[in-house]
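S.K.: My questions all concern the structure below.
The values are calculated or read from the model by the stated rules, or taken from the named source; none is laboratory data. Keep in mind that what you see is a predicted model, and the values were worked out from it rather than measured. Note that each Cβ is placed from the backbone with ideal geometry, even for glycine, and that neighbours are counted across all protein chains shown.
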Amino acid sequence: MDEKYVSAFIHSITGVFASFGAGETVSGSICKKDSFICRYNLTTIIGLSGNIKGNVALSMPYDTARKIASVMMMGMEVAEIDEMSVSALGEMTNMVCGQAVMELSSRNLAIDITPPTVIHGDNMKAYISQVETIVVEISSSLGSIELNLGLEI
Amino acid sequence: MEYINIFNNSIREAFQGMFDKTITLESETSAPGWILSKGVAVIIGITGEKKGRVLLDMPFHTAMELAARLDPDLNDEDFALFTAAEFCNVASGGAITAINNKFGGIGLRLATPSIFTGTNSKIFSPNLKAVRMSYNTRFGEIDFHIALEGV
């Protein structure tokens, strides 16, 4: 997968987190997997269609999910993952994918995104593409988040 | 609910085509906001004039039995997951094609399937209301949750 696709999503996460006032994000190394064993309990996922088909999944621990939902809800305390906090996490994923798609559209790629879905549980295993999944660990003041890209280009 | 009838027809055709068995829609209800997965969940997003998603949910043993219909000698968990994903893809693809043909200009497209398996999995799609279509097959219970804006 061309680095520009991965960079677009890393840039968008950086931008979205900065807009929350979450400060700087630090991206770890990029690795490839056939499938991904969810290291974390909660995953948000958005599908892509058009010039690029595939799925983008953001995986995170509950603690990070609660903190992100809280900053998106103007600092409201989030004690548990309920419908309101999940809606906030879905919106965050929408913002990340929307900004990445905007960046890629400047390279003449027409991509549409699906509504977000949020899934959480224990011992999760996922396949988000029939091709390899690119995984990038991203650290921020809100905690760790794992970017998973399964794109068929 | 014309879209739902189209999905039902496509689901039955896909099941017959892939597994050489008939299935019948047992019930059609409003899906709850949170869906407690039976074990294997396949999610396919929909884009176009209306956005939405298809969620196929079934127990793991059902996915294994469906996979055995395709290859009785291959007792492989990943193959079972891919079988469930392919069934969802074929059923959704047929439905989307039929909807696009019937309602010109709607331009629906599918993302690729994503497959999740785990324990105590809960699934939620914000701002989407879904219809749950339940099928009771000889292989176990299969639910399709269809969420499409305006349905």
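S.K.: A:Met72: within 14 Å of A:Phe17 (Cα to Cα) and modelled with pLDDT of 95 or more, yes or no?
M.R.: no
S.K.: So which pairs qualify, if the first residue must be in the stretch B:1-29 and without any contact (Cβ under 8 Å) to a residue 24 or more places away in the chain, the second must be in a strand (DSSP E or B), the Cβ gap must be under 8 Å, and the two must be at least 6 apart or on different chains?
M.R.: Listed by first residue and then by second, the contacts come to B:Arg12/B:Leu25.
S.K.: Can you work out which of the residues in the stretch A:77-126 that are of a type in the set (Asp, Glu) and over 14 Å from the mean Cα position of the chain (by Cα) is nearest to A:Asp2 (Cα to Cα)?
M.R.: Among them, the one singled out is A:Glu103.
S.K.: Any residue in the stretch B:123-137 that's under 15 Å from B:Ile44 (Cα atoms): show its pairings with residues that are aromatic (Phe, Trp, Tyr) at Cβ separation under 7 Å, as long as the two are six or more apart or on different chains.
M.R.: B:Phe124/B:Trp34
S.K.: Now a separate question. For the stretch B:70-151, give me every one of the strands (runs of 3 or more DSSP E) that falls completely inside it and has 1 or more residues that are more than 8 Å from chain A (Cβ to nearest Cβ).
M.R.: Where strands (runs of 3 or more DSSP E) fall fully within the stretch B:70-151 and carry at least 1 residues being more than 8 Å from chain A (Cβ to nearest Cβ), they are B:130-137, B:140-148.
S.K.: Kindly check whether there is at least one residue in the stretch B:37-59 that is of a type in the set (A, V, I, L, M, F, W, C) and surrounded by fewer than 20 Cβ atoms within 10 Å (Cβ to Cβ).
M.R.: no
S.K.: For the stretch A:1-68, give me every one of the strands (runs of 3 or more DSSP E) that falls completely inside it and has 2 or more residues that are over 24 Å from A:Ser85 (Cα atoms) and within 12 Å of chain B (Cβ to nearest Cβ).
M.R.: A:42-50, A:53-60
S.K.: If A:Gln99 satisfies all but one of (1) within 11 Å of chain B (Cβ to nearest Cβ); (2) outside any loop (DSSP other than H, G, I, E, B); (3) crowded, with 16+ Cβ neighbours inside 10 Å; (4) of a type outside the set (Val, Ile, Thr), what's the number of the condition it fails?
M.R.: Against the list (1) within 11 Å of chain B (Cβ to nearest Cβ); (2) outside any loop (DSSP other than H, G, I, E, B); (3) crowded, with 16+ Cβ neighbours inside 10 Å; (4) of a type outside the set (Val, Ile, Thr), A:Gln99 comes up short only on (1).
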